[in-house]
């Protein structure tokens with residue numbers, strides 16, 4: 001096998017300039033990725049504290065830790081922080097920002113200043129939201145349903161709305177930047193079908209960001225007008241309709257789920273292919289399934305409204321479309337699994353996260369069928385079944401992929417290796433803790449425990465048993481997430497120096513020093529090979545023909 | 001109240017078994033595929049583990065046959081779930097005839113119920129076993145939701161309109177119900193019990209609380225006191241305004257739109273916002289009663305207008321069953 005060894009240059013993007021100003025005014029997409037990483041880590045930490053408070057409160061049926069009004073603020077703020085300030089920017093703004101230019105052989109994104117601007121917009125929105133939380137908090141649920149949010153809540157709805165409104169623009173700018181970059185800045189020879197799947201999924205994500213985010217901006221604006229000036233659009237007494245808000249809200253917020261999970265799928269495609277040293281099975285199917293999800297994702301919002309007095313026929317159409325959107329996701333899972341076939345599978349930490357993702361995403365996706373199906377959704381909607389389902393997608397999916405990607409590209413980002421033993425151990429702890437936290441919640445939901453409940457009936461002993469299990473799992477999950485925080489920080493100073501290509505992979509981002517120079521590549525790469533091309537293409541095997549078992553080892 | 005396995009909810013309505021059947025079918029599909037994929041992955045990960053640091057496996061071309069196979073099979077299974085789920089939902093959605101109609105008003109943070117015979121209840125609902133019960137629901141403030149897990153039903157209660165759900169309980173007992181749409185501070189306290197009783201016990205309970213005015217009677221009193229009689233006639237036979245006798249359930253021809261079926265929602269709208277739908281041959285002269293009536297008063301007026309069209313089947317409930325053993329252990333269907 002060819003070995004790529006490039007001697008580490010004296011200057012790289014991390015030490016090219018020093019001082020706070022060099023970071024706050026940087027136009028380097030890699031530095032901006034690190035700024036974002038700081039931001040999302042901070043918000044994730046805050047969101048996790050809220051999560052622990054929720055789990056502690058639910059240990060007992062009575063409300064003995066907080067008042068109901070406080071509890072309502074805790075789960076609301078957990079949702080707002082995690083969705084808008086961690087999950088949506090998580091992979092695109094950090095790993096995407098860092099890797100989109102590097103994977104296509106570009107020096108930077110198309111609009112470096114807009115990239116920096118997007119971070120400032122994100123932080124401004126975040127700070128306003130944090131201010132709202134400190135000033136008194138918000139208690140509407142992250143969904144802001146009217147008329148509670150417009151007329152009845154006495155909390156900081158407007159301030160939080162302003163924070164979310166502003167942050168949305170950072171999404172739009174990031175999406176815009178990615179689309180233009182992918183169209184115009186690919187290295188010579190980097191055709192569309194040679195793009196890594198990470199790029200395809202970020203392209204699909206960017207489409208949703210650009211098309212969907214303006215809708216949430218408009219929705220929040222209407223909410224503000226209604227709350228401030230009582231324009232009546234959501235008020236039946238003035239001829240409006242409170243359920244209209246739900247349509248508008250989910251028109252963005254369902255596609256937003258795909259903003260969270262498509263980049264995760266991109267990361268996992270990279271992990272599965274690279275850590276089994278195989279080209280991805282059905283490359284075009286995986287690539288186009290991302291686009292299919294992005295398009296169909298816009299047509300299923302009504303499945304959030306099956307019991308919201310939507311018409312029965314609308315319910316049937318949305319149910320049908322929701323089942324249809326499950327197919328591209330299923331295709332991805334099958335193709336990832338098939339990629340492992342006859343691979344050379346390593347058990348490194350990123351691969352453990354990647355494999356964990358497939359399992360948890362499969363459970364998350366399959367339990368979505370219960371909610372797409374009308375009869376069962378009536379019973380399960382607004383219960384803990386929903387809570388478990390979307391945490392399997394968002395935590396089991398997005399968070400695991402983010403951690404996997406972070407470990408995978410850590411040598412490139414930091415120039416240091418993380419400790420492999422600790423990495424594998426924490427991946428295992430996260431997997432076990434996660435499942436213990438959220439699998440009991442499926443049962444809770446089926447038993448009828450509604451979500452957003454501060455207290456629950458004392459006579460439901462089995463509910464408490466399940467809550468105790470869930471809280472125990474959350475503690476394990478918390479530990480599992482603290483371990484990487486510690487050893488990744490430790491590795492920045494004490495980790496083994498990383499080679500330019502520590503995993504011995506063909507991707508462009510590995511054909512340059514670790515950490516890369518500011519301009520990414522010492523000279524513009526010219527692409528002559530297919531993606532994930534580990535072996536010469538003439539050795540390619542057609543699946544199903546087992547008789548030609550040529551020795552594959554080099 | 002607990003079954004032998006404490007992690008399955010009580011099943012106590014005519015549709016709860018149907019919903020559970022879909023639930024267990026999807027569970028089976030889920031368990032099968034999750035197990036299949038997990039086992040295949042575990043097998044591959046062990047069988048094809050990296051044995052030496054330099055091995056390069058042969059690349060494998062994708063297969064259109066396989067892609068088609070694993071697109072079509074999930075699609076077929078998904079469609080089977082869709083069709084079954086939709087079928088059960090449709091049956092569950094279609095409002096039953098001759099149901100016992102109970103009016104429900106939600107407000108932060110309590111539930112008010114009123115029976116057709118006038119009995120009022122708060123956070124507790126008494127119903128007979130083996131009889132279809134339809135809840136006609138609205139709210140005085142934010143969106144709420146009546147969720148009865150043992151019956152597998154749930155429906156949002158939305159300001160400005162009537163929503164409904166129905167059930168037929170199959171087992172006497174005491175079942176939790178919950179507000180399932182977040183409604184503010186004491187949301188988790190907005191819950192109560194459905195008390196399902198033998199028909200005989202229910203009739204006793206009804207007669208024990210009988211000295212209250214029925215919603216229709218209250219509505220009639222209001223019809224007079226609000227001055228509705230001056231246009232709609234003393235017996236709602238009509239005048240400057242359209243006659244209200246027989247209007248409920250009929251098709252009303254409008255001068256400013258297509259004909260509509262006069263249901264509870266139409267009656268409500270015509271009181272709150274009379275200009276929205278004008279009956280052919282009448283002028284837009286009725287004042288709006290927006291903000292002048294509580295939801296319960298409105299429900300009373302609607303109940304009165306409804307009573308002008310249909311002989312109320314609900315009132316016959318108070319009749320004791322002709323035969324029946326005194327404390328039957330099994331659910332008895334009254335038919």
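Things worth noting here:
- Burial ordering of B:87, B:161, A:342, A:113, fewest other beta-carbon atoms within 10 Å first: A:113, B:87, B:161, A:342
- P(r) tail fraction, segment A:1-142 - alpha-carbon pairs more than 25 Å apart, %: 44
- Degrees separating the helix B:16-47 axis from the principal Cα axis of chain B, which is the longest one: 20
- For segment A:296-361 versus segment B:15-37, the spacing of their alpha-carbon centroids is 17 Å.
- Calculated over the protein assembly as shown, the projected area of the Cα convex hull averaged across directions stands at 39.3 nm².
- For the protein assembly as shown, the share of DSSP beta bridges that are antiparallel, to the nearest 5, is 70%.
- Ranked for footprinting exposure by Cβ neighbours inside 10 Å, fewest first, B:124, B:269 give B:124, B:269.
- Exposure proxy order (Cβ contacts within 10 Å, fewest to most) of B:195, A:538: A:538, B:195
- Inter-part distance, segment B:180-257 to segment A:423-464, computed on C-alpha centroids, equals 42 Å.
- The Kirkwood radius of segment A:328-465, taken over pairs of alpha-carbon atoms, gives through the Stokes-Einstein law at 25 °C and 0.890 mPa s a diffusion coefficient of 147 µm² s⁻¹.
- Counted over chain B, the DSSP beta bridges are approximately 70% antiparallel.
- Shape of segment B:225-293, Cα gyration tensor, a/c cut at 1.5: rounded
- Summarising the label geometry, the points placed 7 Å from Cα in the beta-carbon direction at residue A:529 and residue B:186 lie 6.9 nm from one another.
- Residue among B:170, B:117, B:280 with the largest mean-square fluctuation in a Gaussian network model of chain B, springs linking Cα atoms under 10 Å: B:280
- Computed E for residue A:120/residue A:486 - FRET, C-beta separation, R0 35 angstrom, nearest 0.05: 0.75
- Here r is the Cβ-Cβ distance between residue B:224 and residue B:171 and R0 is 35 Å; the resulting FRET efficiency, rounded to 0.05, is 0.20.
- Rough spin-label spacing in nm, given labels placed 7 Å along Cα→Cβ, for residue A:461 and residue A:24: 6.1
- Three principal axis extents of segment A:20-527 based on alpha-carbon atoms, in descending order, are 66, 47, 47 Å.
- Spatial separation of Cα centroids for segment B:70-135 and segment A:117-189, in angstrom: 38
- Cα point-scatterer Debye curve for segment B:100-212, base-10 log of I(q)/I(0) at q = 0.10, 0.17, 0.22 Å⁻¹: -0.26, -0.76, -1.24
- Folded to 0 to 90 degrees: helix A:349-372 orientation relative to chain A principal axis, Cα: 40
- Once the Cα atoms are used to define both axes, helix A:283-296 deviates from the longest principal axis of chain A by about 20 degrees.
- Counting Cβ atoms of other protein chains within 10 Å of each Cβ in B:46-53 and taking the mean gives 5.
- Order by protection proxy (mean Cβ within 10 Å, highest first), peptides A:131-140, A:156-165: A:156-165, A:131-140
FYI, it's all coordinate maths here, none of it is from the lab. Everything numeric in this text was worked out from a predicted model, so none of it was measured. Here Cβ is always computed from backbone atoms with ideal geometry, including for glycine, and neighbour counts include all displayed protein chains.
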